Each structure stands twice: as structure tokens, then as C-alpha cells.
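The values are calculated or read from the model by the stated rules, or taken from the named source; none is laboratory data. This structure is a prediction, so every number in the text was calculated from the model and none was measured. Here the Cβ positions follow ideal geometry from the backbone for every residue, glycine too, while neighbour counts run over all protein chains shown. What goes into the accessible areas is simple: the full protein's heavy atoms, side chains included, and nothing from ligands, DNA or RNA. Shrake-Rupley method; radii C 1.70, N 1.55, O 1.52, S 1.80 Å.
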Amino acid sequence: MSYLWIKTAHIVFVTSWFAGLFYLPRIFVNLAMVSPGSTAEKARLMLMAGKLYRFMLPLALLALASGVWMWLGYGVGRGPDSGWMHGKLGIVLLLVGYHHACGRLLRGFEGDRNRRSHRWYRVFNEVPVLLLVAAVTLVVVKPF
Ligand code: HEM
């Protein structure tokens, strides 16, 4: 399979994974604003959040596998001047941690244990934006 087809698949899987990383915390903002009596609205939001989180895992795994294929399979980002790849892998670890944190927060809502405010989730929602900008800058510009 040619390198460019793998890179194409990588960008598509990364983009799809980020759609979930952006939208799931937005659902958490709405869940944190649901008034205690609105069980129907909470149930609707929980259904969306559960489906989205389950959908994000295979996309994350495909994004990471296609990246590793280019990195270890084709040796891109392995020679000298590969500081950008090391930086990028650091960001990937943070993204995997963020994905995992979303799962824990979702289980918190499922068990009615959430105590965080919608403002906290609005700030939490901005984190993947910063990580995306940093990762894409490193891999496209390769500054070091
Ligand atoms: C284990 C995780 C990952 C590895 C090993 C990896 C590795 C790579 C490699 C080797 C390339 C090709 C670079 C080139 O041809 O110049 C690449 C391209 C790319 N990666 Fe990743 N990647 C990973 C995860 C991610 C993530 C999480 C993002 C988004 C935040 C991302 C965004 C991109 C983009 C946008 C490109 C295309 C760059 C270009 O066309 O110049 N990757 N990745």
C-alpha cells in the first residue's frame, strides 16, 4: 500500500477522532446544565454521549495504527532531526489521556456522580483544540 494512501487514511481517521474529542465534552457542558428534574433531556444527552464515546475508540485506534505504520513501517520521523516526531508523540500521549478522561467523566454522569460545573467543562472542551494545533504544526512545519 503506497505511503500516500496510508497518510490519507491517517488524516481521515485523525479528523474523525477529533470530531468526537471536540463534541463529547460539548455534550458534557449540556449535561452539567441539565436541571435535576429533566430526566428525559438527561437520558437523550446520555444516549448521544454513550454512542459517541463508543464510536471514538475504533477511530482513535485506526489513527494511531496508521501513524505508527508510517513512523515504524516507513521510518518517517525516525532519523536525525526527528524532534518533531518526539514532540508529536508526547502530544499523542496527552490526547490518549484526554480520551480516557472523557470515558471516566462519562461514567461519572452515568452514576450521577458529576460535581463539576458547566464552566469547568467549557474550559476542558478547549484542550483538544490546543493539542490539535500543536500536533499539526509539528508534523507539517517540522520545526525541530
Ligand atoms: C501514534 C500516533 C501517531 C504517529 C506515530 C504519527 C505519525 C505520523 C507520520 C510518520 C506522518 C507522516 C509525516 C510526513 O509524511 O511528513 C504523519 C502525518 C500526519 N499526522 Fe500523524 N501520527 C500520529 C498521530 C497523529 C495525531 C494524533 C494527529 C493529529 C493531532 C496527527 C496528525 C497528522 C497530520 C495532519 C499528518 C499529515 C502531515 C503532512 O501531510 O505533512 N497524527 N503522522
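So the values come out like this:
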{"read-out": "Residue check, ARG104 in contact with a helix residue (DSSP H, G or I) (Cβ under 9 Å, 6 or more places away or on another chain) and surrounded by fewer than 12 Cβ atoms within 10 Å (Cβ to Cβ)", "value": "no"}
{"read-out": "Those residues of the stretch 1-59 which are open to solvent by 80 Å² or more (accessible area, probe 1.4 Å) and not in a helix (DSSP H, G or I), in sequence order", "value": "MET1, PRO36"}
{"read-out": "Cβ pairs under 9 Å, 6+ apart, first in the stretch 101-116 and assigned to a helix (DSSP H, G or I), second among the polar types (S, T, N, Q)", "value": "LEU105/ASN114; GLY108/ASN114"}
{"read-out": "Top-ranked residue in the stretch 76-88 [being of a type outside the set (Val, Ile, Thr) and closer than 21 Å to THR15 by Cβ; ranked as farthest from the ligand (Cβ to nearest atom)]", "value": "GLY87"}
{"read-out": "Candidate set from the stretch 62-75 (those that are without any contact (Cβ under 8 Å) to a residue 60 or more places away in the chain and either open to solvent by 60 Å² or more (accessible area, probe 1.4 Å) or under 16 Å from ILE11 (Cα atoms) (or both)); member that is farthest from the ligand (Cβ to nearest atom)", "value": "LEU62"}
{"read-out": "From ILE6, ILE91, residue being within 11 Å of the ligand (Cβ to nearest atom) and touching a Ser or Thr at 6+ places or on another chain (Cβ under 9 Å)", "value": "ILE6"}
